[in-house]
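Okay, so here's the structure we're looking at.
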């Protein structure tokens, strides 16, 4: 018997690898056509004259079933011959660009130079890959995430990839955020969604840039009771990336409670891992509902299980859901 899929209209705020795992699970247990994903573009960077959108591509490739399963980014089976020649020319080679992946960046750059918005470009790319979920950048305006470190201010990609997150983070800057606007459709999607999910992404540099775009945080506050956030910190550590290190260096408590304090003004519910069950009561004092469930996603079954958990939590909160 085929499993009934939820027709609940859902919006998800997402970063890259961690978010894409949950999103893949969601598209397998619900109708992907009613899922809108608002993706962080603070990681975007221009290299070799090409416009690169790492998180948009990770989400697209993952939902298309084409992502490199070993890394969670890039394309499965890609080669790096072009990068070798770029290195021969003395060009920057710290950012890994696969040969097939380059085609996406060339296509995106050509569309943008031709006058298309990043929203239009993103939609064109996801359609080409056969992705049914709607994917929106957080803004059509560049809002690069910059990191102030002991060696100065550098782009987030330099901090993450070139310096392997080894520098001390003194400040995070969302450059140009104050003058930016949400991409077309972002606020409308949040306002009309039956459920809003904050994916288990780095709260500082994956979800943070989206919240920095004027109007987004207020839109979420207006829908607070319908917002469910999945905590990316388990047992005081991040499962992927430098979330824990960055939180500690910037003075945040590295725990589920620490994440709750950052999200409590706009998220009514926080899903935390069973390992952090002891923190439930403290989180509830912030005015949040708490769901304690396994949240690690090592297998396909794990991803689908967490996706079901998120939807079940919403149903328990009284959010309408209609079986397909």
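The values are calculated or read from the model by the stated rules, or taken from the named source; none is laboratory data. Since we're looking at a predicted model, the values are computed, not measured. Virtual Cβ from ideal backbone geometry, glycine too; neighbours counted across all protein chains shown.
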Output for the range 72-95, where each listed residue is in contact (Cβ under 8 Å) with a residue 40 or more places away in the chain and within 23 Å of the chain's Cα centre (by Cα): 72, 73, 94, 95
Helices (runs of 4 or more DSSP H) completely within the range 61-177 that count 1 or more residues being touching a strand residue (DSSP E or B) at 6+ places or on another chain (Cβ under 8 Å): 99-113, 118-128
Selected residue [under 24 Å from residue 21 (Cα atoms) and either within 20 Å of the chain's Cα centre (by Cα) or surrounded by 15 or more Cβ atoms within 10 Å (Cβ to Cβ) (or both)] from 302, 218, 265: 302
Those residues of the range 1-28 which are touching a strand residue (DSSP E or B) at 6+ places or on another chain (Cβ under 8 Å) and either modelled with pLDDT under 95 or at positive phi (or both), in sequence order: 4, 5, 6, 7, 8, 9
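Consider residue 41 carefully, then state whether it is over 21 Å from residue 231 (Cα atoms), buried (at least 24 other Cβ atoms within 10 Å of the Cβ) and modelled with pLDDT of 95 or more. Steps first, answer last, please.
Working: over 21 Å from residue 231 (Cα atoms): no; buried (at least 24 other Cβ atoms within 10 Å of the Cβ): yes; modelled with pLDDT of 95 or more: yes.
Taking the combined requirement at face value, the residue does not satisfy it.
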Any hit, the range 238-260, residues being under 18 Å from the mean Cα position of the chain (by Cα) and either within 21 Å of residue 26 (Cα to Cα) or not assigned by TED's automatic domain parsing to the domain that holds residue 277 (or both): yes
Identity of the residue in the range 189-209, in a helix (DSSP H, G or I) and touching a residue at least 40 places away in the same chain (Cβ under 8 Å), that ends up farthest from residue 233 (Cα to Cα): 192
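Rundown of residues vs (1) over 24 Å from residue 17 (Cβ atoms); (2) touching a helix residue (DSSP H, G or I) at 6+ places or on another chain (Cβ under 9 Å); (3) surrounded by 14 or more Cβ atoms within 10 Å (Cβ to Cβ); (4) not assigned by TED's automatic domain parsing to the domain that holds residue 263, yes/no style:
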| position | (1), (2), (3), (4) |
| --- | --- |
| 167 | no, yes, yes, yes |
| 185 | yes, yes, yes, no |
| 190 | no, yes, yes, no |
| 194 | yes, yes, yes, no |
| 202 | no, yes, yes, no |
| 212 | no, yes, yes, no |
Check on residue 287, in a loop (DSSP other than H, G, I, E, B) and out of contact with any helix residue (DSSP H, G or I) (no Cβ under 7 Å at 6 or more places or on another chain): yes
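Keeping to the range 221-253, report how many residues are assigned to a helix (DSSP H, G or I) and buried (at least 20 other Cβ atoms within 10 Å of the Cβ).
5
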Candidates 316, 280, 289 - the one that is without any contact (Cβ under 8 Å) to a residue 40 or more places away in the chain and surrounded by fewer than 16 Cβ atoms within 10 Å (Cβ to Cβ): 316
Selection count where residues are within 26 Å of residue 140 (Cβ to Cβ) and in contact with a helix residue (DSSP H, G or I) (Cβ under 8 Å, 6 or more places away or on another chain), scope the range 99-127: 15
Subset of the range 99-133 (residues that are closer than 26 Å to residue 85 by Cβ and touching a residue at least 24 places away in the same chain (Cβ under 8 Å)): 100, 101, 102, 104, 105, 106, 108, 109, 112, 125
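So that you can scan it fast, the table gives a plain yes or no per residue for (1) over 20 Å from residue 181 (Cβ atoms); (2) outside the structural domain of residue 44 (by TED's automatic domain parsing):
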position: 114; (1), (2): yes, no
position: 124; (1), (2): yes, no
position: 133; (1), (2): yes, no
position: 137; (1), (2): no, no
position: 153; (1), (2): yes, yes
position: 157; (1), (2): yes, yes
position: 162; (1), (2): yes, yes
Residues of the range 244-262 that turn out to be closer than 28 Å to residue 71 by Cβ and touching a helix residue (DSSP H, G or I) at 6+ places or on another chain (Cβ under 9 Å), as a count: 8
